[in-house]
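Before any comments, here is the structure.
The values are calculated or read from the model by the stated rules, or taken from the named source; none is laboratory data. This is a predicted model, so every value here is computed, not measured. Using ideal geometry, Cβ is built from the backbone for each residue, glycine included, and neighbour counts are taken over all protein chains shown. These area figures cover heavy atoms from the full protein model, side chains too; ligands, DNA and RNA do not enter into them. Shrake-Rupley method; radii C 1.70, N 1.55, O 1.52, S 1.80 Å.
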Amino acid sequence: MDELRRVFLGEISNWSALGGTDQPIQLHARPERSGTYKYFSDSVLLGRSISGAAKRHAENSTLAEIVGKDPAGIGFV
């Protein structure tokens, strides 16, 4: 869980730091007003905010579709 938290906080920004290929991690998230974001923030980030580099998506379905097409992407729904 610590590595996942560090990814979404922007402390780990390249997949190579996690044993993956040498490419930047592309963060995808829901807006701060969404219940999904609130749950993730409280449970995974321990109340902290996601990195400002995260691309925001209004709908879970949109976020899931985009992450599914982005080999360097990571998100939560």
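What are the pairs, 6+ residues apart or on separate chains, where a residue within the stretch 1-24 that is farther than 14 Å from ILE50 by Cα has its Cβ under 8 Å from a residue that is assigned to a helix (DSSP H, G or I) and at pLDDT 95 or above?
LEU18/GLU3; LEU18/VAL7; THR21/TRP15; ASP22/TRP15; ASP22/SER16; GLN23/TRP15; GLN23/SER16; PRO24/TRP15
Just checking, how many residues over the stretch 23-35 are under 19 Å from ASP2 (Cα atoms) and surrounded by 14 or more Cβ atoms within 10 Å (Cβ to Cβ)?
Result for the stretch 23-35: 5.
Any idea which of GLY52, GLY20, GLY75 is open to solvent by 80 Å² or more (accessible area, probe 1.4 Å) and among the small types (Gly, Ala, Ser)?
GLY52
So which residues in the stretch 55-72 are open to solvent by less than 60 Å² (accessible area, probe 1.4 Å) and touching a strand residue (DSSP E or B) at 6+ places or on another chain (Cβ under 8 Å), if there are any at all?
Scanning the stretch 55-72 gives HIS57, LEU63, VAL67, ASP70, ALA72.
Filter the stretch 36-48 for residues that are more than 11 Å from the chain's Cα centre (by Cα) and in contact (Cβ under 8 Å) with a residue 24 or more places away in the chain; which is surrounded by the most Cβ atoms within 10 Å (Cβ to Cβ)?
Within the stretch 36-48, the first condition is being more than 11 Å from the chain's Cα centre (by Cα), and the residues that meet it are 36, 38-39, 42-43, 46-48.
Going one step further and asking which of them are in contact (Cβ under 8 Å) with a residue 24 or more places away in the chain, we end up with 36, 46, 48.
Working: THR36: 16, LEU46: 10, ARG48: 12.
That would be THR36.
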